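Written below as structure tokens is the structure these notes are about.
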């Protein structure tokens, strides 16, 4: 399948991105670069200087809301992309509304309790929709530990153990590996595994 054939399939697909931080911003950009037709990006947070070590934002965007700023960056990369940006804090009630019509949802939250909430919500209220989650990507090194594991419609990218903290911060290289693995998993679901 050549790139034009890939784009012709992807242009009719919609992917929801829950969180526009390190995982979400980088995953969304990777998907926009390959021609995903529509992205629905949701986040309530504001860009801080400390985010720039791993998130797809720029210094002059500090203080802006993440979702609309990410939309602006994606449109600069792919003017044909349709990006719906929502400045919203996601919860059990609004997730099915925000991501209605999505072919796939990407979980890209920072906090464990939010990850658990979206996994439980999507699996129970949107059971036919694949969810690609990122768990275990903090620190540096040991790139080979970052893998994708599947259980039904749940796909988990990461090492599953490297929790972010003061002494184990999320940094661009491992976050980038995991976020691009999430984007690659989306492509595998939508296009099939490479033969």
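When you scan the range 173-181, do you find a residue that is surrounded by fewer than 20 Cβ atoms within 10 Å (Cβ to Cβ) and more than 16 Å from residue 106 (Cα to Cα), even just one? Yes, some residue in the range 173-181 is surrounded by fewer than 20 Cβ atoms within 10 Å (Cβ to Cβ) and more than 16 Å from residue 106 (Cα to Cα).
Answer yes if at least one residue in the range 79-90 is in contact with a helix residue (DSSP H, G or I) (Cβ under 7 Å, 6 or more places away or on another chain), farther than 15 Å from residue 31 by Cβ, part of a loop (DSSP other than H, G, I, E, B) and in contact (Cβ under 8 Å) with a residue 60 or more places away in the chain, and no otherwise. Yes: one or more hits. Within the range 91-102, the set of residues being out of contact with any helix residue (DSSP H, G or I) (no Cβ under 7 Å at 6 or more places or on another chain) and either surrounded by 13 or more Cβ atoms within 10 Å (Cβ to Cβ) or not in a loop (DSSP other than H, G, I, E, B) (or both) comprises 94, 97, 98, 99, 102. Considering every residue within the range 52-65, establish whether at least one is within 22 Å of residue 154 (Cα to Cα) and modelled with pLDDT of 95 or more. Within the range 52-65, not a single residue is within 22 Å of residue 154 (Cα to Cα) and modelled with pLDDT of 95 or more. What pairs come up if the first residue lies in the range 142-168 and is at negative phi and loosely packed, with under 13 Cβ neighbours inside 10 Å, the second is at pLDDT below 90 and part of a strand (DSSP E or B), and their beta carbons are under 8 Å apart, counting only those six or more places apart or on different chains? As it stands, the answer is 168/139, since those pairs meet every condition given.
Condition first: under 21 Å from residue 115 (Cα atoms), in a loop (DSSP other than H, G, I, E, B) and in contact (Cβ under 8 Å) with a residue 40 or more places away in the chain. Can you find one or more residues in the range 37-45 that meet it? Full working, then the answer.
Within the range 37-45, the subset under 21 Å from residue 115 (Cα atoms) is 39-45.
Remaining after also requiring in a loop (DSSP other than H, G, I, E, B): 44-45.
In the following step, the residues that additionally are in contact (Cβ under 8 Å) with a residue 40 or more places away in the chain were identified as 44.
Checked against the condition, which is being under 21 Å from residue 115 (Cα atoms), in a loop (DSSP other than H, G, I, E, B) and in contact (Cβ under 8 Å) with a residue 40 or more places away in the chain, the range 37-45 yields at least one hit.
Just so you know, in the range 1-36 the residues that are out of contact with any helix residue (DSSP H, G or I) (no Cβ under 9 Å at 6 or more places or on another chain) and either outside any strand (DSSP E or B) or modelled with pLDDT under 95 (or both) include one that is surrounded by the most Cβ atoms within 10 Å (Cβ to Cβ), and it is 11. Cβ-Cβ distances below 6 Å connect the following pairs, each with a first residue in the range 92-104 that is under 16 Å from residue 124 (Cβ atoms), a second residue that is part of a loop (DSSP other than H, G, I, E, B), and a separation of six or more residues or different chains: 96/126. Checked against (1) touching a helix residue (DSSP H, G or I) at 6+ places or on another chain (Cβ under 8 Å); (2) surrounded by fewer than 22 Cβ atoms within 10 Å (Cβ to Cβ); (3) over 15 Å from residue 110 (Cβ atoms), residue 45 passes all but condition (3).
Within the range 116-137, is even one residue surrounded by 19 or more Cβ atoms within 10 Å (Cβ to Cβ) and at positive phi? Yes - at least one qualifying residue is present in the range 116-137. Which of the residues belonging to the range 103-138 are under 12 Å from residue 18 (Cα atoms), touching a strand residue (DSSP E or B) at 6+ places or on another chain (Cβ under 7 Å) and not in a helix (DSSP H, G or I)? Within the range 103-138, 104, 105, 106, 107, 108, 109, 131, 132, 133, 134 qualify.
The values are calculated or read from the model by the stated rules, or taken from the named source; none is laboratory data. Small disclaimer: the values here were computed from a predicted structure and weren't measured. Cβ atoms come from the backbone with ideal geometry, glycine included; neighbour counts cover every protein chain shown.
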